[in-house]
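Here the structure is laid out as structure tokens; the discussion comes afterwards.
The values are calculated or read from the model by the stated rules, or taken from the named source; none is laboratory data. If you're wondering where the values come from, they're calculated on a predicted model, not measured in any experiment. Glycine gets a Cβ as well: all are built from the backbone with ideal geometry, and neighbour counts include every protein chain shown. These area figures cover heavy atoms from the full protein model, side chains too; ligands, DNA and RNA do not enter into them. Shrake-Rupley method; radii C 1.70, N 1.55, O 1.52, S 1.80 Å.
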Amino acid sequence: MTTLFKNIKELIQVRENPIPFVSGKAMRDLPTIKNAFLLIDNGLISDFGNMEDCPKTGFSEVIDTTGKMILPSWCDSHTHIVYAGNREGEFEDRIKGLSYEAIAANGGGILNSAKVLQETSEDVLYQQSRERLEEVIQLGTGAIEIKSGYGLTLDSELKMLRVIKRLKEHYQIPIKATFLGAHAVPEVYKESKGAYLKLLIDDMLPKIAEENLAEYIDVFCETNYFSVADTELILEAGKAFGLKPKIHVNQFTAIGGVQVGVKHHALSVDHLEEMRDEDIEILKNTNTMPVALPGCSYFLGIPYTPARKIIDAGLPLALATDYNPGSAPSGNMNFVVSSACIKMNMTPEEAINAATINGAYAMGLEAKVGSVTKGKQANLILTKVINSYGTIPYAFGSNQIEKVYLRGKTIGV
Ligand SMILES: N=CN[C@@H](CCC(=O)O)C(=O)O
Ligand SMILES: [Zn+2]
């Protein structure tokens, strides 16, 4: 099956030669071809260029995209979309003045979601999660990472990871799984955190590795959650089972999470709302991708990740949704890209780079998705008729997507 898209007003994020990610000043460059064609063969990008060089024959389908643009699908490298129920009650409590931290200290927050998930069957959890996955695919996400971390018992963490595995088997979208057993200390281990760490390291990790249920290991390295020392212990154990670190750091307090991530060659350090100069400094000349989650800052009213400081220091930056029931109940990458421009002073070029090629890198998928490059999967967004690609972040909250494609096939209507 060969599909030709012709008369593309602008083909965005064109990288002739594959690159792992873009950093610093280079994030301002978003290579495009105006008046372009794009050829898809068997679900992969096989050719592209200017319309003057467009092949004349040899395709099964021709799609005329006059006035519309094509870009690689969003790469959402940080989500928690496998969860049960919702936390709308806590949302109202926050509106009435309680803080996220106070709610968590009273047994709400992550522990609230864990209680509901523990009482939810694997099938029901799968149904709830697939609805979220289908929703975000329609919103233009074409590669996604999903974490466990609302189980917090051996059985329930396995239940979450098996649901992620089922999603991988049933959907075309590339999915990466992350084990986040160290998301919160369960109530019963409140006075004996060491015993929970032991359960996580001695019981959960071997079982997860045996069933091949995760690629990455995550820890919520934060005051009142897991210390730097706890984080080191867990990352070491995860690495022994072949899991690469991708960690939650510097969301509310800067306690050395970035440093521990860099020390353990984390693929990414995520959140970064509270960044000291030394946290930026230590990321220089590493392969660790900083990841910002503006949907969380928006929803909780906490600071936005200092994108300008990070990029102006020559570092790369990726953008992700953090889709979860407590701090970011939205998987809309279009909103994330808009927020990055509006609230973090990123240019449209920087935001699109951060949400495509850099997001792909932050989940180890840079060879498969994230740019228009020959041989990559044809996971694409076809826009409506728009003025420029800047319309995508500019017209926040309005839908600029006409169709999405996974491996060259239209998904939905
Ligand atoms: N910060 C830790 N984990 C999630 C929120 C978890 C929750 O509130 O349910 C996050 O990335 O924001
Ligand atoms: Zn998160």
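Find the Rg to Rh ratio for segment 69-175, where Rh is the Kirkwood radius over alpha-carbon pairs and Rg uses the same atoms.
1.03
May I ask for the net charge around ASN332, where only other residues with Cβ less than 13 Å from the Cβ of ASN332 are counted and Lys, Arg are +1 while Asp, Glu are -1? Net charge in that neighbourhood comes out at -2. Here the simple spin-label model places points 7 Å from the Cα toward Cβ, and for ALA105 and GLN138 these points are separated by 4.1 nm.
Does the chain come out rounded, prolate or oblate by the C-alpha gyration tensor, with a ≥ b ≥ c the root eigenvalues, rounded set by a/c under 1.5 and, if not, prolate when a/b is larger than b/c and oblate if not? Here the chain falls in the prolate category. Per-residue accessible area (protein heavy atoms, 1.4 Å probe) orders TYR298, TYR83 as TYR298, TYR83, starting from the largest.
Can you sort PHE226, PHE21 by solvent-accessible area, 1.4 Å probe, largest first?
In descending accessible area the options line up as PHE21, PHE226.
Based on the Cβ-Cβ distance from TYR394 to THR223, what FRET efficiency comes out when R0 is 51 Å, to the nearest 0.05? It comes to 0.85.
For the pair ASN17 and ASP155, the difference between a 0.36 nm per residue extended length and the Cα-Cα distance amounts to 45.2 nm. Let me check I've understood the local charge: for ILE33, count other residues with C-beta under 13 angstrom from its C-beta, Lys and Arg +1, Asp and Glu -1. What total comes out? Around ILE33, the charge tally is -1. Packing, taken as the mean count of other beta carbons within 10 Å per residue, orders the peptides 88-101, 326-339, 58-71, 155-168 from highest to lowest as 326-339, 155-168, 58-71, 88-101.
Using the Karplus relation 6.51 cos²θ - 1.76 cosθ + 1.60 with θ = phi - 60°, the per-residue 3J(HN,Hα) values for segment 402-408 come to 8, 8, 10, 10, 10, 6, x Hz, with x marking Gly and Pro. Computing FRET efficiency as 1/(1 + (r/R0)^6) for ASN387 and ASN7, where r is the C-beta to C-beta distance and R0 is 22 Å, gives about 0.85. Using θ = phi - 60° in the Karplus curve 6.51 cos²θ - 1.76 cosθ + 1.60, the 3J(HN,Hα) couplings for segment 191-206 round to 8, 9, 4, x, 5, 5, 4, 5, 4, 4, 7, 8, 10, 5, 4, x Hz; x is entered for Gly and Pro. Not counting ligands, DNA or RNA, and with a 1.4 Å probe, what is MET51's accessible surface area in Å² rounded to the nearest 10? Result for MET51: roughly 40 Å² accessible. Distance from the Cα centroid of segment 326-380 to that of segment 192-242 is 28 Å (rounded to whole angstrom).
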